[in-house]
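Below you will find the structure I want to go over with you.
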Amino acid sequence: MKQIILIFMIVFTSQVSLAQVGTVKGNVSDAEGLPLPMTNIIVKGETAGTTTDIDGNFSIQVEKGKTLIFSYVGFETQEVVLGNESTINVQLKETSSNTLSEVVVTSLGIKKTRKSLTYSAQEIKGVDLTGVKDANVINTIAGKIAGVAVTKSAGGTGGSTKVVIRGNSSITNNQPLYVIDGVPLLNISSGQPNLTFGDINGGNRDGGDAVGLLNPDDYEGMTVLKGASAAALYGSQGANGVILLTSKKSKEGVSKLVATSTTTFESAAFLPKFQNEYVAVAGGDETWGAKEDSNDHVKDFFKTGNTNITSLSFSTGTEKASTNLSYANTSSSGIIEGNDLNKNNFGIRQSGKFFNNKLNVSVNANYVSQSINNRPVSAYYFNPLTGVYLMPRGNDFDYYASNFEIFDPARNMMVQNWMTNRDIMQNPYWAINRNASVDKNQFFTGIFALDYKVNNWLSLVSRYNYNRIESSFDKKLYASTQGTLSHINGRYINVNWLSTQSYGDFLANINSNINENLSLTANIGASFVKSLGNNATILDSGISSGLVYANWFALGNFVNNAGNYQRLGLQKEVQSVFAAATLGYKNYLYLDITGRNDWSSTLVNTDKLSFFYPSVGVTGLISEMTKMPDWINYGKVRASYAQVGNDISSFVTSPTSTIVGGQIIPPIVGPRPGESLKPELKSEYEIGTEWRMFNNKLGFEISYYNSETKNQYIQVPAPATNPYGYLNYGFNAASIKNKGVEIVLTGKIIKNDKFNWDTTINYSQNKNTVSKIPAELGGRVILTDPGVNNYRYSLIEGEAFGQIEGVNIKRDAQGRVMLNADGTIQKTGFEVVGNANPNYMLGFRNAFNYGSFFANVLIDTRVGGEVMSLTEATNDEFGVSKVTGDARNAGGVVLDAVYPDGTAYAGKYPAESYYKQTGGRAGATGEYVYDATNVSLRELSIGYTLDSKKLPFFQSASLSLIARNLFFIYKNAPFDPNISLSTGEGLQGVDVYGMPSTKSIGLNLNITF
């Protein structure tokens, strides 16, 4: 009997004991609420334990009444005694440096601790993207990231932005990959200028890009992955670096409505200087006549533009679901009449948790609609600025502005009213009103994602994304438009583009502690991306054929269909497998290894259809390995090596003919016989170190990188007798090297209860060399064809990427100008006159807080490099520039010159003769090269945060005065050298009647309900 009672008591005790064991879930974060991944959690007195995942979440089986111990390097250990609660959230207090706990979003949206990174990754918080807001979010990062050159387009609001990370490394493409929430974005432009004289098919037009359509208020931050190691998991897509945008997410138990309104006023800045003392001869179209005062009509042509960006967002979250909704409207009027933009952004993000919170399902969709009237163009054709700047002085500009068209009884219609028929110079208001254009863009992106947490150390993720961009360009040219550009009855151009991209991936994420000393984070997956780029339907009545009836803009009024055709865009699919692993030892030594294999459809008919891209890196926390002085809080060294690449453009390895006007057009390019094409291959190693000291008041990061991109794809003219009918042969040959240094210095200059002053200095220096160009190209690849202009942009073997070539005045050994026997000036052929790349860049950011007041100042500096102005050259040729007026007032140009027989030139050289020979687009363009060094006040904001206690309906509110590009502290060039005519590879470092840059000032209001 006693034995039975004893057995019963043992069973009963076991059941009671088991009843006390339960599952405890929770989250571990720092004092600011940021998650602490890989936090060690053990039951006191036992060996049982677990770790938090990358979001700081954990789950553990433990008895009630037991004590959990939470420990994390750099934070104070905390003990929590369990009661009846099943969920606990713990905030750890930092001991020395929160750098150890920072979480960074990396490739494929994978989160890593900053301490484990073996490469450079720099972040920008959401407030830095919207504090001084720009319609294109990428323009706001200029000067804020070391090693990143951001050049704004001359296309005005709605224009694209050129971004180059760690120097130009490719002949064909240097733009980075843009990624939203781990998924690549199809960032494509419907067109970019690359013609010095202008495009007669509608003008040198910047078609904008997809990233410029995004709503800045939708994103909580940005991470820039600069080097090959950082971007290796993206393979051929990430060869030029990666810019990651992270969407805002709602928080559990918090509902809020955020409203922002930004209004800025823009004015033209840095206009050319003109003379108004001399007029044209009667009937002349150049200003080389008598001395006579005339009005300065140029400054009055430009008006004050304005941009209004209004954004609303609502977010709410529960334990099981979250919702984010957003809407933004951007309306802008440019600085010239007739140019305006309207853009609407709609966004929704919905997520929900299922199966005991193991499965997270999220859907993210954004739709953008944008319309731009009279998008600015550059160069000489269809550009109202040529007529404004070059109009012969002595004519009444106001008369032509008010009467840009007059009635022609012979044609029984209104026709252009202008004093000249030169093709580069129409009546500006005729160009605005009777050569009007409309650009439209519709953009959709949708992401569907599943994240299933199998257990504490394994999660499975699958995502699908679809991008669709529809763009259109509609231009109507009325009868009497200049004959080089239009038929006598007018011309109608209508182009529609379609681009799409589908992306899908599957990842297995592993996050585990092997033992108390070793940790493992691994990712294994596969992906595909299928893209279609700029399929186009082009309708153009043309110049020679034109319209049957004047000013009737319809397809049925075309004389013929010779200019109507469909163009197949770029098409390709890339399928990939990849893996990454980070092995950590005692939370202070990390080994990072990645590998990716791409199969690209553009490599069909080549010897090798797939390419492998590896990377390896190591990092060590010196401050955790050994005892450091008390004033050093954090010290780290790192090194990495990687290979990435760019694949080949579509249809090069499978050439395709087209049909235009019923005629078969042979392929433009095909592989050179006997050779197999392959992707570019970029090999890069990087070393760096990071330190924090003096209680984290001072920190710095230094990175050195060295890369070479081989197998550059280039083209050479194919023999006319080639059996395939190709115009060009494509093959791999050239190489480009880059090496440089990046330094990021951070400091908390003043930090107390009333006043804070934080500063960041970003310094970068890149040295670039084109190390190999095939001999058959003469050691030179021309990226911008000069045509009749004495400017070209070239790659020259042994020189830096992007040499500006022009024509100089020929001088003898003593520096004297060499004249011909008839007294005309001798000129050289094409030669290098400058380089568009800066020697180094410097960004100096300062943030001040005093009570409820705040201020932010960003000074952006580019030192070195040169730019050329064909605007100044042409203004000189036409006699409208200030320098030509000054020369005439001085009685001519002082010229130290010599005739062929050695006789010195006597007296002053006639101003008109001098500037007609040296000025102009076909003159001595080397005389119009300027130092591009400049220091600008890039951003300024001064604001006040309202006391929410006095505003019971608001959670927070702030009002600030903001300014962008307010003034140059130093500048030598006659135009803004930070503006580019094209975000492609050509037309760099040159101004050809580009829209002047603007300075803006306005107000920014933010309210959270």
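The values are calculated or read from the model by the stated rules, or taken from the named source; none is laboratory data. Note that the coordinates shown come from a computational prediction; the quantities given were computed from them, not determined experimentally. Neighbour counts run over all protein chains shown; Cβ positions are idealised from the backbone, glycine included. The area values use the complete protein model at the heavy-atom level, side chains included, leaving out ligands, DNA and RNA. Shrake-Rupley method; radii C 1.70, N 1.55, O 1.52, S 1.80 Å.
Could you compute the FRET efficiency for LEU271 and ASP396, with r as their C-beta to C-beta distance and R0 at 25 Å, rounded to 0.05?
Plugging the Cβ-Cβ distance into 1/(1 + (r/R0)^6) gives 0.75.
Give me the base-10 log of I(q)/I(0) for the range 915-1009 at each q in 0.14 Å⁻¹, Debye formula, one uniform scatterer per Cα, rounded to two decimals.
Here log10 of I(q) over I(0) equals -0.71.
Right, here's the next one. Given charges of +1 on the Cβ of Lys and Arg and -1 on the Cβ of Asp and Glu, with all other atoms neutral, how large is the dipole of the range 323-404 about its Cα centre, in debye to the nearest 20?
Dipole size: approximately 760 debye.
Another question, if that's okay. If you stretched the chain out fully between ASP408 and ASP785, how much longer would it get, using 0.36 nm times the residue separation minus the C-alpha to C-alpha distance?
In short, 131.7 nm is gained.
Another question, if that's okay. Going by average Cβ density within 10 Å per residue, which order do the peptides 215-224, 447-456 take, highest to lowest?
Top to bottom by mean Cβ count within 10 Å: 215-224, 447-456.
Give the shape of the range 574-691 as rounded, prolate or oblate, defined through the alpha-carbon gyration tensor: a ≥ b ≥ c are the square roots of its eigenvalues, a/c under 1.5 means rounded, and otherwise the shape is prolate if a/b is larger than b/c and oblate if not.
The shape class here is prolate.
How many nm is it between the label spots at ASP296 and ARG811, if each spot is 7 Å from the Cα in line with the beta carbon?
Taking the simple label geometry, ASP296 and ARG811 are separated by 3.2 nm.
Place a +1 charge on the Cβ of each Lys and Arg in the range 267-386 and a -1 charge on the Cβ of each Asp and Glu, then give the dipole magnitude about the Cα centre in debye, rounded to the nearest 20.
In total the dipole reaches around 1220 debye.
Please work out the FRET efficiency for the pair ALA508 and GLU102, using the Cβ-Cβ distance as r and a Förster radius of 35 Å; give the result to the nearest 0.05.
With a Förster radius of 35 Å, E is 0.90.
Return the whole-Å distance between the Cα centroid of the range 710-779 and the Cα centroid of the range 454-473.
Taking the Cα centre of each part, the range 710-779 and the range 454-473 sit 30 Å apart.
In the range 152-268, what % of DSSP beta bridges are antiparallel (nearest 5)?
Within the range 152-268, antiparallel bridges account for around 70 percent of the total.
Sticking with this one: Restricting to DSSP loop positions (anything but H, G, I, E, B) with no more than 14 other Cβ atoms inside 10 Å of their own Cβ, which trypsin sites (Lys or Arg not before Pro) remain in the range 836-910?
LYS908
For the range 690-822, just say rounded, prolate or oblate: build the C-alpha gyration tensor, square-root its eigenvalues into a ≥ b ≥ c, call rounded for a/c under 1.5, and beyond that prolate if a/b exceeds b/c, oblate if not.
Oblate is the answer for the range 690-822, as a/c is 1.5 or above yet b/c matches or exceeds a/b.
Now for a different question. Arrange the residues ARG567, ARG205 by how much accessible surface each exposes, largest first, with a 1.4 angstrom probe.
Listed by decreasing accessible area, they come as ARG567, ARG205.
Calculate the spin-label point distance for ASN344 paired with TYR724, positioning each point 7 Å from the Cα along the beta-carbon direction, and give it in nanometres.
About 4.8 nm, to one decimal.
Need one number for the chain: average projected area of the convex hull over its C-alpha atoms, nm².
That works out to 50.6 nm², a quarter of the Cα hull's surface.
Describe numerically, in nm with one decimal, the distance between label points set 7 Å from Cα along Cα→Cβ at ASN561 and at VAL127.
6.1 nm
Specify which residue in the list PHE397, SER707, ASN204 is farthest towards the positive end of the charge dipole of the chain, using unit charges on the beta carbon of Lys, Arg (+1) and Asp, Glu (-1), about the Cα centre.
The one lying farthest along the dipole's positive direction is SER707.
Do the sum for the chain: with -39,500 (n - 2.57) for every DSSP H run of n ≥ 4, divided by all residues, what is the mean residue ellipticity at 222 nm, to the nearest 500 deg cm²/dmol?
-2000 deg cm²/dmol
Label the range 264-415 by shape, choosing from rounded, prolate and oblate, from the square roots a ≥ b ≥ c of the eigenvalues of the Cα gyration tensor; if a/c is under 1.5 it is rounded, and otherwise prolate applies when a/b is larger than b/c, oblate when it is not.
prolate
Taking the Cβ of GLU252 as the center, what net charge do the other residues with Cβ under 14 Å away carry, scoring Lys and Arg +1 and Asp and Glu -1?
Every neighbour counted, the sum reads +4.
A further question follows. Hey, what D do you get for the range 78-181 in µm²/s if you plug the Kirkwood alpha-carbon radius into Stokes-Einstein at 20 °C and 1.002 mPa s?
Diffusion coefficient, whole number: 122 µm²/s.
Summing +1 for each Lys or Arg and -1 for each Asp or Glu, what net charge is found among the other residues whose Cβ lies under 14 Å from the Cβ of ILE141?
+4
Also: Remind me, relative contact order of the chain in percent, using alpha carbon pairs under 8 angstrom and six or more residues apart?
For the chain, the relative contact order is 11 percent.
In whole Å and largest first, what semi-axes does the C-alpha gyration tensor of the range 124-255 yield when each eigenvalue is scaled by 5 and square-rooted?
Working from the Cα gyration tensor, I get semi-axes of 27, 19, 13 Å.
State to the nearest 20 debye the size of the charge dipole of the chain about its Cα centre, where the only charges are +1 on K and R beta carbons and -1 on D and E beta carbons.
Computed charge dipole of the chain: roughly 2220 debye.
Based on the Kirkwood radius over alpha-carbon pairs, what is the Stokes-Einstein translational diffusion coefficient of the range 427-559 at 37 °C with 0.692 mPa s viscosity, in µm²/s?
Diffusion coefficient, whole number: 170 µm²/s.
Oh, and also: If I stretch the segment between LEU34 and VAL438 completely, what's the gain in nm (0.36 nm per residue apart, minus their alpha carbon distance), one decimal?
Stretched out fully, the LEU34 to VAL438 stretch lengthens by 140.8 nm.
Something else now. Please work out the FRET efficiency for the pair VAL832 and LYS627, using the Cβ-Cβ distance as r and a Förster radius of 51 Å; give the result to the nearest 0.05.
E(calc), rounded to 0.05, equals 0.40.
Here is a further query. Let me cross-check ARG422: its accessible surface, 1.4 Å probe, with only protein heavy atoms counted, in Å² to the nearest 10?
For ARG422, solvent-accessible area is about 70 Å².
Compactness ratio of the range 493-594: Cα Rg over 2.2 N^0.38 Å, N = residue count?
2.15
If you don't mind, there's one more thing I want to ask. Between beta-carbons, use under 13 Å as the cut-off and find the net charge around THR264, counting Lys and Arg +1, Asp and Glu -1.
Taking every other residue near THR264 into account, the sum is 0.
Over the range 389-476, what number does the Rg to Rh ratio reach, with both radii from the alpha-carbon atoms and Rh per Kirkwood?
1.50
List the pairs from LYS93/LYS627; LYS530/LYS608; LYS248/LYS440; LYS572/LYS608; LYS152/LYS767; LYS226/LYS767 whose alpha-carbon separation is above 18 Å, in the order I gave them.
Correct reply: LYS93/LYS627; LYS530/LYS608; LYS248/LYS440; LYS152/LYS767.
Only sites in a loop by DSSP and with at most 13 other Cβ atoms within 10 Å count here; which GluC sites (Glu not before Pro) in the range 881-977 make the cut?
Those that pass, being in a loop and sparsely packed, number zero.
Also, I was wondering about something else. Got a sec? Charge dipole of the range 856-921, +1 on Cβ for Lys and Arg, -1 for Asp and Glu; which of ALA897, GLY885, GLY864 is way out at the positive end?
Ranked along the dipole, the leading option is GLY885.
Can I ask one more? Return the loop-located chymotrypsin sites (Phe, Trp or Tyr not before Pro) in the range 322-405 (DSSP other than H, G, I, E, B) with at most 16 other Cβ atoms within 10 Å of their own Cβ; answer none if there are none.
Hits after loop and neighbour filter: PHE355.
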